[in-house]
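Please read the structure below before turning to the comments.
The values are calculated or read from the model by the stated rules, or taken from the named source; none is laboratory data. The structure displayed is predicted, hence computed values, not measured ones. Counting neighbours? That spans all protein chains shown, and the Cβs are built from the backbone with ideal geometry, glycine included.
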Amino acid sequence: MSLALGISISTQRIDAGLPPIFGEDFMWELEWAGNVMLLAEGSGIDNKTWDLDGTDYAPAAVGDVEAEGYFDLDGSSDIQPLTQDINDAYSVAFDGTDDEVNANGAGAVISGDLGSVSMWFKMNVAANSLCLLYFEVDSNNRLLIYHHGGRNEFTMEHKGGGTERAIIDTTTVEGNGWHHLAYTWDTAADASVLYLDGSSIGTGQAADFTGTISNVSIGYRYNGGMYFDGKLNDVSLYDDVLTAGEVTAIYNNGAPTDLSSHSGLVGYWKFEENTGTSVADSSSNSNVATLVNGAAFASDTP
């Protein structure tokens, strides 16, 4: 995702040492991945610095961004990049009893052999198991993401051909606000990775999947309960493996970003309707999800 930001400055005024005015000379591209790219340099002062306000700034080299995500223009003056403004006013609340979100139509575009999931969650304290996401072909080919409150275990189960692989982590995620989860799987590489709040917290294996996925459940396990107690937001599914850098960018220091331009996106439910029971799929596949048994929109987001 990138934002082309046009900065138009009169080079004549710069060369004369006068304050700049807007013209049509320069453009910077600020990429959400953290790059700064000079698209058209113009004249500037010796073609090396920009005089923006009576102070000379050397243009940043491509990719010259400090670790904190600030653009370094002259080696000492840091300018904070623009944040991406997205409409993220609502999530979906689950009561832990029978609330569900059904997205079965997306099953045909999800691969059990290669893919990723990204989602935000705010989990209430519970002694039982709470399911965040579940999809299956049958009992021998499925993916289950859940938390067991009694054991404080956050578990990703990937089961293919009857062989179950799991990643288990004991980081406390109950009753302490919003968190971001990402999970990737690749059966060809026999690899899976679990990320929490932008950082990898576990790796594992992934067994070969067989069949076409038919049941996709958000906030509960199909025919198995495990009803989620809390809120979920911005659930997205991919047909490729998100890299560590992409997961960090999606986490975005705790602020949701728009994911609709990702080439591997196959399902994306943002929950911004705030009315009715239908949830639009913001990927190109348009598989509408449905709120069931009282799952409701909530004005609580990361």
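Key figures
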item: Test result for Gly254, closer than 24 Å to Ala106 by Cα, touching a residue at least 40 places away in the same chain (Cβ under 8 Å) and surrounded by fewer than 22 Cβ atoms within 10 Å (Cβ to Cβ); result: no
item: Checklist (1) more than 18 Å from the chain's Cα centre (by Cα); (2) part of a strand (DSSP E or B) applied to Ala188, failing item; result: (2)
item: Selected residue (only one of Thr171, Thr203 is in the same structural domain as Gly264 (by TED's automatic domain parsing), assigned to a loop (DSSP other than H, G, I, E, B), modelled with pLDDT of 95 or more and under 27 Å from Asn252 (Cβ atoms)); result: Thr171
item: Among residues of region 179-219, those that are over 21 Å from Pro302 (Cα atoms) and of a type outside the set (Val, Ile, Thr), counted; result: 18
item: Residue under evaluation Val125, criteria (1) free of Cβ contacts under 8 Å to residues at least 40 places away in the same chain; (2) over 21 Å from the mean Cα position of the chain (by Cα); (3) part of a loop (DSSP other than H, G, I, E, B), criterion not met; result: (1)
item: Check on Thr155, closer than 23 Å to Glu100 by Cβ, free of Cβ contacts under 8 Å to residues at least 60 places away in the same chain and of a type in the set (S, T, N, Q); result: yes
item: Filtered residues of region 253-302 (kept if among the β-branched types (Val, Ile, Thr), at pLDDT 95 or above and closer than 24 Å to Gly198 by Cα); result: Val266, Thr301
item: Qualifying residue in region 231-246 (condition: over 18 Å from the mean Cα position of the chain (by Cα) and surrounded by 17 or more Cβ atoms within 10 Å (Cβ to Cβ)); result: no
item: Of residues in region 96-145 being surrounded by fewer than 22 Cβ atoms within 10 Å (Cβ to Cβ) and among the hydroxyl-bearing types (Ser, Thr, Tyr), the one farthest from Pro256 (Cα to Cα); result: Ser139
item: Residue match in region 282-289 (condition: in contact with an Asp or Glu (Cβ under 8 Å, 6 or more places away or on another chain), of a type in the set (Val, Ile, Thr) and surrounded by fewer than 17 Cβ atoms within 10 Å (Cβ to Cβ)); result: yes
